[in-house]
Amino acid sequence: MTNSSTTAAAESGPGAGTQGTEPTGEFTHRQIITVLIGLMMGMFLAALDQTIMATATRTIADDLDGFNLQAWATTAFLITSTISTPLYGKLSDIYGRRPFFLFAIGVFILGSILCGLSQSMYELAAFRAIQGIGAGGLMSLALAIIGDIVPPRERAKYQGFFLAVFGTASVIGPILGGFFAGADKILWVDGWRWVFYINVPIGIAAMIVVARVLHLPHHRTDHRIDWPGAVALIVGLVPLLTVAEQGREWGWGSTRAIACYVIGAVGLVAFVLAERAYKDEALLPLRLFGNRTVAVGAASSTILGMAMFGGLMTVPLYLQIVKGSSPTVAGLQMIPFVVGIMAGSITSGQLIARTGRYRIFPIVGSVLMTAALGLFALIGADTPLWKTMLIMVLMGLGLGGNMQPMITAVQNAVSPREIGVATSSVTFFRSMGGTLGTAVFLSVLFNVLPTKIREAYTEAGVPAPQGGGADLSDTSFVSKLPEALAHPFKVGFSDGIQIVYLLALAVMVVGLVVVFFLPEIALSQRSAQQQRADDAAAAAAGGTAH
């Protein structure tokens, strides 16, 4: 690409130099804030979607007669968002972040409209998959853009803005989800459908803001696109995640399950071979994982995702089914978790900015998460709510100290040209862990619940309701039972959830060991954009001298 065309691109937004010169790559505080507005709008969509579903899922699943199928809606979303994440990272490194960020918002809006039209749990799962394709770009591209324009050491100063988005979405989301789920009809439409429709006006506003303010200098670099790797990744992951979800019904040794194992294994082998063949142009360049920081970041993020999704998805279920909270109240009762995340993130971010050291925070965060999961495993049907809320704070503190410092560490350890693919790699592995955690832990939960519920009724010496409490396609009957019959069901449900937390605890212990291998590298004082501008200037000077 010629210098003049690069300059023209740069002059359309912040970071441009004076007329007729190359961009400096330096952004003023005001320019960074302008770009952040666009990013925060997109991230608000993704954050709101995750939190608004938490309290509405039970109502949606009951209404569509699919409480025991609800994992499909979550898993489908996670599969597509996971697979699309590295594609967004690689393509945006080549063609620029802005068009892909706008594309991600557009697909997310389309998916939201379709989700609101769902008539069955299977339809909802299919449309959540479309929504996930958009969500895969919203989070990873926003983090990559911040890596482009803000030096690692300074990133903590702007972390508060992202935390404000997550905090707001985390508080508003569950309340809105509960409100919509609790309403029979709003404007002649089922209340829960507005959980998805509300994304449409927010998404359109986000697209307008992003189109107006998000202009970044970009050097187009022509590369082959690793489509074989992308196809192989899909062939590898989809069957394995499907069998993780459906294995309990099919039988883990059934013909369908074995077919999924074989196809998945072939896909993963093909993916590794494609990545080796494409080398630096690969979707996930294998060379990157020779970097110890990236390798530890990927492994740690996988485990963190499993523990986070696998453990926390059951808290709203516990609050609604065991504690009898309405969806709205359950949303409000999740606020201590949000407070913990914000406190952990703000504290770690400020300390990183002051000291330039980051390694200690993922270690402390992992210790806190391990302790929280251990305490969650002790919660029963009669545990006071305040104890559960204190454990939520502890879990939030651990997550807050873990997530952002790990991304900062990985971005700091790679070349500025690879910020996109490195950031999306960490996000990919965290999503991958979350997908596996959700599929495996929900499968385990629904596998053990019928037995646990029957045992609880036998122990209480009272007759089980019709079906023995084993039909979990609609759990709304629990609230209609007299307390003597409802309490054993709640005890059995709590006992089933305890097994999920014990599994998540075992996973998190491994994560604690892994994070000790994270190296400490001095944080750069220059953004990726500035480093790229320096490299371009040095190359131009070298060419002139030659």
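Values quoted throughout were computed directly from the atomic coordinates according to the rules given, and no laboratory measurement underlies them. As the structure is a prediction and not an experimental result, all values here were calculated from the model. Please note: Cβ atoms are built from the backbone with ideal geometry, for glycine as well, and neighbour counts cover all protein chains shown.
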Multiply the residue gap between Phe289 and Ile521 by 0.36 nm, knock off their C-alpha separation, and tell me the result in nm, one decimal place.
81.9 nm
For region 199-340, what does the alpha-carbon gyration tensor say about shape, rounded, prolate or oblate, given a ≥ b ≥ c as the root eigenvalues, a/c under 1.5 as rounded, and a/b over b/c as prolate?
oblate
Where the centroid of each part is defined by its Cα atoms, how far is region 70-89 from region 349-414 in Å?
24 Å
Which of Lys387/Lys480; Lys185/Lys490; Lys387/Lys452; Lys185/Lys480; Lys323/Lys387 have a Cα-Cα distance over 19 Å?
Lys387/Lys480; Lys185/Lys490; Lys387/Lys452; Lys185/Lys480
Hits in region 28-46: amide N under 20 Å from the 7 Å Cα→Cβ extension of Ile208, namely 34-46
Treat each spin label as a single point 7 Å out from the Cα along the C-beta direction, and report the Tyr95 to Trp252 distance in nm.
4.3 nm
Which ³J(HN,Hα) values, rounded to whole Hz and listed in residue order, are derived for region 109-121 from phi using the Karplus coefficients 6.51, -1.76 and 1.60 in 6.51 cos²θ - 1.76 cosθ + 1.60 with θ = phi - 60°, glycine and proline given as x?
5, 4, x, 5, 4, 5, 4, x, 9, 4, 10, 8, 5
If you rank Ser326, Ser301 by fewest surrounding Cβ atoms within 10 Å, what's the result?
Ser326, Ser301
Suppose each label sits 7 Å from its Cα in the direction of the beta carbon; what would the Ser479-Asp382 distance come out to in nanometres?
2.5 nm
Region 489-513 to region 231-310: how many Å between their Cα centroids?
24 Å
Burial-style ranking of 413-419, 47-53, 456-462, average other-beta-carbon count within 10 Å with highest first, yields 47-53, 413-419, 456-462
From Cα pairs below 8 angstrom and at least 6 apart in sequence, can you work out the relative contact order of region 227-282, rounded to a whole percent?
49 percent
Where Rh is the Kirkwood radius over Cα pairs, Rg/Rh for region 227-282:
1.11
Once you place label points 7 Å from the Cα toward the Cβ at Ala540 and Arg417, how far apart are they in nm?
1.8 nm
Any chance you could run the full-extension gain for Val269 through Val200? It's 0.36 nm times the residue separation minus the Cα-Cα distance, nm to one decimal.
20.9 nm
Neighbourhood charge, 11 Å Cβ-Cβ cut-off, centred on Ala456 and excluding it, Lys, Arg +1 and Asp, Glu -1:
0
